[in-house]
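Chemist: Sharing a structure here in structure tokens format.
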Amino acid sequence: MTLRAIVNGKLADPAADALHDGVVLIDGDRIVAAGQVDVPADAERIDARGLVIAPGLIDLGVFATDKPAFHFGGITRAALMPDQRAPLDDVGLIRQATRAGKPDFWVHPIAAATRGLMGTEMAEMGLMQAAGAKAVGTGRQWIADSGVMLRVLTYAHGLGLTLIAHAEDRGLTARAVATSGETATRLGLPHAPACAEAMAIARDLMLVRETGATIHFRLVTTRAGFDLIRAAKAEGLRVTCGITPAYLFLNDQAATDFRTFARLSPPLRHEADRLASIAAVADGTVDVITSGHDPRGPEDKRLPFADAAPGMAGAETLLALSLNLVREGHVSINRLMTLLCANPAKILGVDAGSFTPGSAADLILIEPDAPWIVDSSRMAASAGNTPFDKLPVQGRARRVMKGGAFL
């Protein structure tokens, strides 16, 4: 294979402390070396023109595959949630999902932990793992039956799979669309207390302690939830957690005027919880930043707030919004790439998301300060349901490489 060298760029290496000048040397679809590398005379040189070279983003938990949005946002791999029109609880559906992105991006299906995501009968995890599933998940729902959850964790642990869990006690949140508080009361919305999240996390952590399983809470959004995660990590439990930019940069007041683009699951939280989310990213409690990409058209969003479907189109804004954490001094850009690339790869067990020799040559060239305005009417996504409509942002993926070839 022809050697290729990306030169004249700055490396945002998740394994390094800070940006540094360097070269990425590629052989076929794999990274050979990165850093201060002597470029072989016969290597094809690709001029990065001073842009930041980073691993392609790995979006852990999208609800739809969306080629234009993924390419715009620099996403080269996406873990697909099991909540599809036909829940991903069958070998054939898993195989079909793994082929969904080819040749434009990699799709890693998250298998449904229970049949139909109903939370009652375990699905065939082992067969779905053999078909390509990289994790198992509870989908949008919490498994209320503790006996079922115990068996799910036990089997997932035996297979070496991470369980990706939703953390809301359904007994409290079944009909709620907002977090209890002033905003929900003023708007007259069905609501649930924020403690529903911590209650679910606490139960699941007790079962993780019992089974030794590995669990990833896809979204943790409250101070009480983060406190539980910190304590579990300090204890040595195998637990990680994620968040989307919506919970980092918006609070429940975004739902004012019944803005259904701000109808999310879990619902947006109070300002104190938003600040706690920022602190949890800064101190390392949060392991992953994901887009939660869930494009919804007018038929789902142009409804009364309580009837609208939850979800937002987040793939193309993930990088730009996350870069705000760098500009505000909460994390370095290298640490951000750990959250967006390296940690998701580790959870899924794929050789990607880093510059380690042998890692997949999935890369993006970023212009961190490129200004643009989020516009729901002009988004690349299949639907433009973003609560960040008309927000000025900075940061663009200028080129995307998948498997050693630019797209």
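The values are calculated or read from the model by the stated rules, or taken from the named source; none is laboratory data. Keep in mind that this is a model prediction, so the values were computed, not measured. Please note: Cβ atoms are built from the backbone with ideal geometry, for glycine as well, and neighbour counts cover all protein chains shown. To get the accessible areas, we keep the full protein, side chains included, count just its heavy atoms, and leave off ligands, DNA and RNA. Shrake-Rupley method; radii C 1.70, N 1.55, O 1.52, S 1.80 Å.
Chemist: Out of A34, A64, A86, which single residue is open to solvent by less than 50 Å² (accessible area, probe 1.4 Å), among the aliphatic types (A, V, I, L, M) and out of contact with any strand residue (DSSP E or B) (no Cβ under 9 Å at 6 or more places or on another chain)?
Modeler: Values: A34 fails: out of contact with any strand residue (DSSP E or B) (no Cβ under 9 Å at 6 or more places or on another chain); A64 fails: out of contact with any strand residue (DSSP E or B) (no Cβ under 9 Å at 6 or more places or on another chain).
Criteria check complete, one pass: A86.
Matching residues to (1) of a type in the set (S, T, Y); (2) modelled with pLDDT of 95 or more; (3) within 20 Å of the chain's Cα centre (by Cα); (4) within 28 Å of E367 (Cα to Cα):
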site: I289; (1), (2), (3), (4): no, yes, yes, yes
site: G292; (1), (2), (3), (4): no, yes, yes, yes
site: R296; (1), (2), (3), (4): no, no, yes, no
site: E299; (1), (2), (3), (4): no, no, no, no
site: R302; (1), (2), (3), (4): no, no, no, no
site: E316; (1), (2), (3), (4): no, yes, yes, yes
site: L319; (1), (2), (3), (4): no, yes, yes, yes
site: S322; (1), (2), (3), (4): yes, yes, yes, yes
site: L325; (1), (2), (3), (4): no, yes, yes, yes
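Chemist: Here is a further query. What strands (runs of 3 or more DSSP E), lying completely within the range 1-102, carry at least 1 residues that are farther than 30 Å from M312 by Cα? Can you show your working first?
Modeler: Numbers: elements: 3-11, 20-27, 30-35, 44-47, 52-55, 57-62, 75-80.
Correct list: 3-11, 20-27, 30-35, 44-47.
Chemist: Can you name the residue in the range 375-407 that is touching a His at 6+ places or on another chain (Cβ under 9 Å) and modelled with pLDDT under 95 and is also farthest from L250 (Cα to Cα) among such residues?
Modeler: If we take residues in the range 375-407 being touching a His at 6+ places or on another chain (Cβ under 9 Å) and modelled with pLDDT under 95, then L407 is farthest from L250 (Cα to Cα).
Chemist: Now, a different point. Does at least one position in the range 269-292 carry a residue that is farther than 27 Å from F72 by Cβ, among the acidic types (D, E), assigned to a helix (DSSP H, G or I) and out of contact with any Leu (no Cβ under 6 Å at 6 or more places or on another chain)?
Modeler: Scanning the range 269-292, I find at least one residue that is farther than 27 Å from F72 by Cβ, among the acidic types (D, E), assigned to a helix (DSSP H, G or I) and out of contact with any Leu (no Cβ under 6 Å at 6 or more places or on another chain), so the answer is yes.
Chemist: Determine which member of the set L237, L248, L219 is over 17 Å from the mean Cα position of the chain (by Cα) and open to solvent by less than 40 Å² (accessible area, probe 1.4 Å).
Modeler: Going through L237, L248, L219 in turn, the sole match is L237.
Chemist: For A306, which of the numbered conditions (1) within 21 Å of L250 (Cβ to Cβ); (2) not in a helix (DSSP H, G or I) fails to hold?
Modeler: Status for A306: all satisfied but (2).
Chemist: Test of understanding: among E210, E168, E197, E182, which residue is without any contact (Cβ under 8 Å) to a residue 24 or more places away in the chain, more than 20 Å from P344 (Cβ to Cβ) and acidic (D, E)?
Modeler: E182
Chemist: Please go through the range 377-407 and give me each residue that is among the small types (G, A, S), open to solvent by 30 Å² or more (accessible area, probe 1.4 Å) and touching a Phe, Trp or Tyr at 6+ places or on another chain (Cβ under 9 Å), ordered by number.
Modeler: Of the residues in the range 377-407, the ones among the small types (G, A, S) are 377, 380-384, 395, 397, 403-405.
From what's left, open to solvent by 30 Å² or more (accessible area, probe 1.4 Å): 377, 380, 382, 405.
Scanning the range 377-407 gives a single hit, A380.
Chemist: Can you go through A370, A345 and tell me which one is in contact (Cβ under 8 Å) with a residue 60 or more places away in the chain and either closer than 28 Å to G50 by Cβ or open to solvent by 50 Å² or more (accessible area, probe 1.4 Å) (or both)?
Modeler: Checking each option against the conditions leaves just A345.
Chemist: Same structure again: Specify which of the listed residues (L25, L57) is within 15 Å of G353 (Cβ to Cβ) and at pLDDT 95 or above.
Modeler: Result: L57 is the single residue among L25, L57 that is within 15 Å of G353 (Cβ to Cβ) and at pLDDT 95 or above.
Chemist: When both residues are 6+ apart or on different chains and their Cβ atoms are under 7 Å apart, which pairs have a first residue that lies in the range 285-310 and is hydroxyl-bearing (S, T, Y), and a second that is open to solvent by 20 Å² or more (accessible area, probe 1.4 Å)?
Modeler: Close Cβ pairs (under 7 Å, with a partner that is open to solvent by 20 Å² or more (accessible area, probe 1.4 Å)) amount to T285/R230.
Chemist: Condition first: farther than 20 Å from L348 by Cα and of a type outside the set (A, V, I, L, M, F, W, C). Now tell me which residues in the range 127-151 satisfy that.
Modeler: Once the filter is applied, which keeps residues that are farther than 20 Å from L348 by Cα and of a type outside the set (A, V, I, L, M, F, W, C), the range 127-151 yields Q141, D145, S146, G147, R151.
Chemist: Restricting attention to the range 132-162, report how many residues are in a loop (DSSP other than H, G, I, E, B), of a type in the set (A, V, I, L, M) and under 22 Å from the mean Cα position of the chain (by Cα). Give the derivation first.
Modeler: Of all residues in the range 132-162, those in a loop (DSSP other than H, G, I, E, B) come to 132-134, 138-145, 160-162.
Of the ones still in play, those that are also of a type in the set (A, V, I, L, M) are 133, 143-144, 161.
If we keep only those that are under 22 Å from the mean Cα position of the chain (by Cα) as well, we get 133, 143, 161.
Of the residues in the range 132-162, 3 are in a loop (DSSP other than H, G, I, E, B), of a type in the set (A, V, I, L, M) and under 22 Å from the mean Cα position of the chain (by Cα).
Chemist: For the range 124-141, give me the residue count where each residue is more than 24 Å from K402 (Cβ to Cβ), without any contact (Cβ under 8 Å) to a residue 60 or more places away in the chain and surrounded by 24 or more Cβ atoms within 10 Å (Cβ to Cβ).
Modeler: Selection size over the range 124-141: 4.
Chemist: Of the residues in the range 192-234, how many are acidic (D, E) and in contact with a Pro (Cβ under 7 Å, 6 or more places away or on another chain)?
Modeler: The total comes to 1.
Chemist: May I ask you to list the residues in the range 18-31 that are without any contact (Cβ under 8 Å) to a residue 40 or more places away in the chain and open to solvent by 80 Å² or more (accessible area, probe 1.4 Å)?
Modeler: D21
Chemist: Of the residues G329, G358, only one is open to solvent by 30 Å² or more (accessible area, probe 1.4 Å), more than 24 Å from A133 (Cα to Cα), in a loop (DSSP other than H, G, I, E, B) and among the small types (G, A, S); which?
Modeler: Exactly one of G329, G358 is open to solvent by 30 Å² or more (accessible area, probe 1.4 Å), more than 24 Å from A133 (Cα to Cα), in a loop (DSSP other than H, G, I, E, B) and among the small types (G, A, S), namely G329.
Chemist: Is it the case, given these coordinates, that N343 is part of a helix (DSSP H, G or I) and over 20 Å from V62 (Cα atoms)?
Modeler: no
Chemist: What number of residues within the range 103-114 are in a loop (DSSP other than H, G, I, E, B) and surrounded by 18 or more Cβ atoms within 10 Å (Cβ to Cβ)?
Modeler: Qualifying residue count for the region: 2.
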